[in-house]
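Worksheet: the structure to be examined is printed underneath.
The values are calculated or read from the model by the stated rules, or taken from the named source; none is laboratory data. Treat the numbers as computed from the prediction; the structure is a model and nothing was measured. Using ideal geometry, Cβ is built from the backbone for each residue, glycine included, and neighbour counts are taken over all protein chains shown. We work out accessible area using only protein heavy atoms, side chains counted, and drop any ligands, DNA or RNA first. Shrake-Rupley method; radii C 1.70, N 1.55, O 1.52, S 1.80 Å.
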Amino acid sequence: TSSAGVPRRSDVLLTSRSEHYVPPVGEGAGSGLYTTWTAATAFNATRLDWVYSLNASFVEEAAGKRGLASVSLAMNANIPDSQTGPAAYTIGRVLNVHGEPLTAPWMQAWTPLPYYGCVNNGSAYQEVAFARARALIDAGADVIQHDDPTVNSEAASWNNGDPEQSGCYCSVCMAGFTTALLDGSLDANTTALGVNGSFNYKNYLLDEMSAAPTRETEDARLLEPTSNASQELRELFLLYQQNVTNSYARKLRDHVNNYSAHVRNRSVFPMSCNNGGRWPQPPESSPYPIFDYAMGELAFIDGNPGGLRQIFVDSVPENHSQVVTMPKKSPPINSSDDTLRIRRSVAQSYALGGSMLVPWDIYLPAPTAPRFFGSEAEFGDLFNFVTSFAALLDAADTMPGYRSSTDRLQVSHTGHNGDGARWRLPTDTPASAGKQVNTEGWGGGVAVGACAWECLADEQCVAIFSIDWANDGCQLLYEPLQVVNGTLLVGTSYTFDRSWPEARARRTRGREGATEAGAGGAAKEEPLAAWTNVTLIDAILRVSSGNAGRTRTGWCDGNGGTPAAVVLHLVDWRNTYGTRDASNVDVFVNSTYVCGAALASRDATISVEAMLSTPAAPDQVGVTTEQAGGLTHMVLPAAAFDASWAMVELTCSDAG
């Protein structure tokens, strides 16, 4: 179960960024078709999230007449000075070194310019933000969503930190930075840096700008550091702005909780934030863990099993959850491949225990900030499927033995630590065959898992390489691979094992779980729980952990019996990249491991009943299973993947 206001695994989250009493127009097949309320009906929404509104009657209608269980209202980093009247942005704003207010680079075409607030300014912008939060609670919000919560720490890095296009260099920040340098909270060597009580970092930068040579880049005017002290001060300034941003988030939460306790008799008020779909490592380097859960944009390139695994499984810290948008790119989004990628991303997100906002009223990364509106015909069946099996999705809270196809990467020729070796690239002379992979209309970065999936889906690809995953994307490398020795190009190369991991699964079958130490004290690899004979079908098995969870020989419920819920999600990614094979699909489940310690400890003969359902045919039908060697084998017809998502509910028992 989830705490009040936090999405359940079975929730269908609709966003309506404003009140749409008239069908809005934008990109997509759903443009001009639905109001907020008819969209909620069309997509079987259970919640309304990320809404910019102070309209109490709108919120009341959502909960009363429309039956939506929760409404989250939004605030952001550029709240107007007043909650009413024409928008003005003058109180406590982020300033550059010339004292000019700034807004985010992607908001430069907006009218009027929504200048960011300096959250370090307690007597000015903090009061504006706190007043907005109180107004959202007064309007009836069940959750507060904070868009762009990184505020000052984000603004400090705009345009590569160009002092004329980044901030904040207001008087509060400058005095606070000097204090932090001197009081030891930044662990700075003030003597070496030449910092004393009269130090002012803004004036320091202005002097540096007038004296130092400059170079031009595509993005911004950058200063060549004049000394090691200059570079160290820059890093300390970034750390300071990170600290004040995190402090603001904690103060905001305290303020919201105190106000909610007073007016709602609710001492803990849930809050979410926009994290761009990414959790930095460590997560505490950002304000995101201060919130209960995160909602963020999903880059189009990450809409695949590798990228989504990295987001939902590998990155989210304990006791937090993640919601993402549909995979986004610059418009148009209207091809059948685009629709298929969105559909599969919806299925994969729920299978991994996360959530994806309904693809309706979604911001697209383009200068004019268009919005995408999908239709019920394109996506309605997926969300109907979610609500039809809500109890099962909520109960299956744990994911044992999951390894996506992209886990078959092997690091080699890293180029790090002075080894001076990497694979030859398409940009080398002579060149190696391959191609560059970047996000589409969403910056340069790409998740390692997403790039691995692109390699898996490209039959020519045998390896991948990147200098900087977060900013530069990656290169898919084709045969023949050649090692470049003595290279100065630092990056990471991976080779890719294309052999299906069934052999590995057989080697690990029946082994103890990952928490049991093997020879030499090393942890053993957790057994693979489920797989198919088709590489591009991802198999994700989920179970209910109950009160006991995994034991040394398998999974059991709180009474030592089999799990109360076992469900296998199968998401077909084949026809994203070409014609789908029409043959049947062999599915394997490691039933000795999955079906529970209670059965395994009694040397029971395991029987597994399987019930298949899909968005196209949600009524469950039985599937014949065969038991051999600790495996459950079933054959699913090609038609089971017509909607790209099949769900098999499994029931384990003692066959006698």
Find the percent of Cα-Cα distances in the range 224-329 that exceed 21 Å, and round it to a whole number. 51 percent
Amide H contacts of ILE606 (H built 1.01 Å from N, under 5 Å, at least 5 apart or other chain): ALA655
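Excluding ASN200 itself, calculate the net charge of residues whose Cβ lies under 14 Å from the Cβ of ASN200, where each Lys or Arg counts +1 and each Asp or Glu counts -1.
For residues surrounding ASN200, the net value is -1.
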Set the Förster distance to 30 Å, then compute FRET efficiency between ASN189 and ARG250 from the Cβ-Cβ distance, nearest 0.05. 0.60
Would you mind getting me the FRET efficiency between VAL411 and ALA69? Use the beta-carbon distance for r and R0 = 41 Å, nearest 0.05. 0.35
How high is the FRET efficiency from SER82 to ASP419, r the C-beta distance, R0 60 Å, rounded to 0.05? 0.50
Amide H contacts under 5 Å for VAL51, restricted to residues at least 5 apart in sequence or on another chain and with H modeled in the peptide plane, are SER72, LEU73, ALA74
Can you give me the Cα centroid spacing of the range 342-382 and the range 168-191 in angstrom? 44 Å
What is the ratio of the Cα radius of gyration of the range 16-138 to 2.2 N^0.38 Å, where N is its residue count, to two decimals? 1.24
Per residue of the range 279-290, what does 6.51 cos²θ - 1.76 cosθ + 1.60 with θ = phi - 60° give for ³J(HN,Hα)? Whole Hz please, x for Gly and Pro, Karplus curve as stated. 10, x, 10, x, x, 5, 6, 10, x, 4, x, 6
In order through the range 397-403: 3J(HN,Hα) via Karplus (6.51 cos²θ - 1.76 cosθ + 1.60), integer Hz, x for Gly, Pro: 9, 9, 10, x, x, 9, 9
If we count every other residue with Cβ under 14 angstrom of LEU252's Cβ, Lys/Arg +1 and Asp/Glu -1, where does the sum land? 0
The range 226-375, accessible area per residue, ligands and nucleic acids excluded (1.4 Å, Å²): 33 Å²
Below 14 angstrom from the Cβ of THR492, what's the summed charge of the other residues (Lys, Arg +1; Asp, Glu -1)? -2
If amide H atoms are modeled at 1.01 Å from N in the peptide plane, then the residues at a separation of 5 or more from ASN44, or on another chain, having amide H under 5 Å from its own are none
